[in-house]
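The values are calculated or read from the model by the stated rules, or taken from the named source; none is laboratory data. Quick caveat, the model's predicted, so the values are computed rather than measured. Note that each Cβ is placed from the backbone with ideal geometry, even for glycine, and that neighbours are counted across all protein chains shown. For accessibility, only protein heavy atoms count, side chains too; no ligands or nucleic acids. Shrake-Rupley method; radii C 1.70, N 1.55, O 1.52, S 1.80 Å.
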Amino acid sequence: MLFRRLLPATALAAALSLTAACGGASDDTLAGKADDGELTIGIRFDQPGLGQRRLDGKYVGFDVDVAKYVAAQLGVDEKGITWREARSADREKLLASGEVDFVVATYSITDKRKEQVAFAGPYFETGQGVLVRFTEDDITGPETLNGKKLCSVTGSTSAQKVKDQFAQDVQLVEYGQYSDCVIALLAGNVDAVTTDEVILAGYVAENPELLKLVGTPFTTERYGIGLPKEDAAGRAVVSSAIEKMVGSGEWRSALERNIGQAGVELPEPPKVTEK
Ligand code: GLU
């Protein structure tokens, strides 16, 4: 429902009362935005297994399937979805500006982010890990990163964790997206990449002869669906859609379809707490 945002305030007010008079949605909740059968959803474009724009123009991954399921619960089918790239540093901005209606983009629920956005879920749980070149012997986990160049992404909890915990000994290199970190790793420009294990496992699955995961996860990341902060009703609707996806078995089959080949243990669904 993009037109509302593009109109000036007076036209907007007129349009809204017209919509209300016609019996359409007059509210700015998620259900109201989905009323015309269209939604704009923020996902990642470069994370295999999770959110990826393929060369043939198709959008695939577990986050994409979760997003499609939630949209369907709101009466919006795939044809009504516009996919927008939502990189780590852009997610809060995209929600605040209304450029996207919700975000399903490996988005960890944190108290700090809750000051700016609302979360439904969680719908997945993972933890931060370390990715290295297949031939790497020295780096065996986060405690062996001293003096090394470590790549992560601006605006992520992963980069923040490095700043908080390892900054004295590790040289943090920040890029805008993880695929750029992986390119830098393969080119020998950085020594390791850190973010959520499920994301790193997707890159390993694409290049198993070149990359490997080391160590055990050292944080807990609970992925939520991001919504504008004020939309409590939207949060409740999305959280019950997630519960329905889990209960129907669709959550598990989407996970197996998308992450099953990545070589990580498939977790149980987390309990939905953000209602
Ligand atoms: N889940 C973490 C976060 O939300 C890292 C992955 C990402 O950057 O999307 O910051």
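Rounded to the nearest 20, the size of the Cβ-charge dipole of region 89-133 about its Cα centre is 200 debye, with Lys and Arg at +1 and Asp and Glu at -1. The count of lysine pairs in region 101-254 whose Cα atoms are under 18 Å apart, excluding pairs fewer than 8 places apart on the same chain, comes to 11.
Would you calculate the volume per residue, in Å³, of the smallest convex hull containing every Cα atom of region 168-236?
Numbers: hull volume 10.5 nm³, N = 69.
Each residue corresponds to 152 Å³ of Cα convex hull volume.
Quick one: pull the percentage of alpha-carbon pairs in region 203-275 with a separation above 16 Å. Kindly include the intermediate steps, with their values, before the conclusion.
Values: 1653 of 2628 pairs.
Pairs farther apart than 16 Å: 63 percent.
Considering every alpha-carbon pair of region 49-145, the percent of pairs per 10 Å bin, from zero through the bin containing the longest distance, is 12, 38, 30, 15, 5, 0. State the Cα centre-to-centre distance between region 229-275 and region 68-132 in whole Å. Measuring centre to centre over Cα atoms gives 12 Å.
Normalised Debye scattering of region 147-201 at q = 0.13, 0.17, 0.18 Å⁻¹ gives log10 I(q)/I(0) of -0.26, -0.44, -0.50, counting only Cα atoms as equal scatterers and leaving out solvent.
The residue list ALA241, VAL264, ILE199 was ranked by how far each Cα lies along the charge dipole of region 157-275 toward its positive end, using unit charges on Cβ atoms, and ALA241 comes out on top.
Pairwise Cα distances in region 151-275 exceed 22 Å in 49 percent of cases.
What number comes out for accessible area per residue over region 148-275 if the probe is 1.4 Å? Units Å², please. Write down the numbers at each step before the final one.
Values: 5850 Å² over 128 residues.
Using a 1.4 Å probe on heavy atoms only, each residue of region 148-275 averages 46 Å².
Mean projection of the Cα convex hull over all viewing directions, computed for the chain: 14.9 nm².
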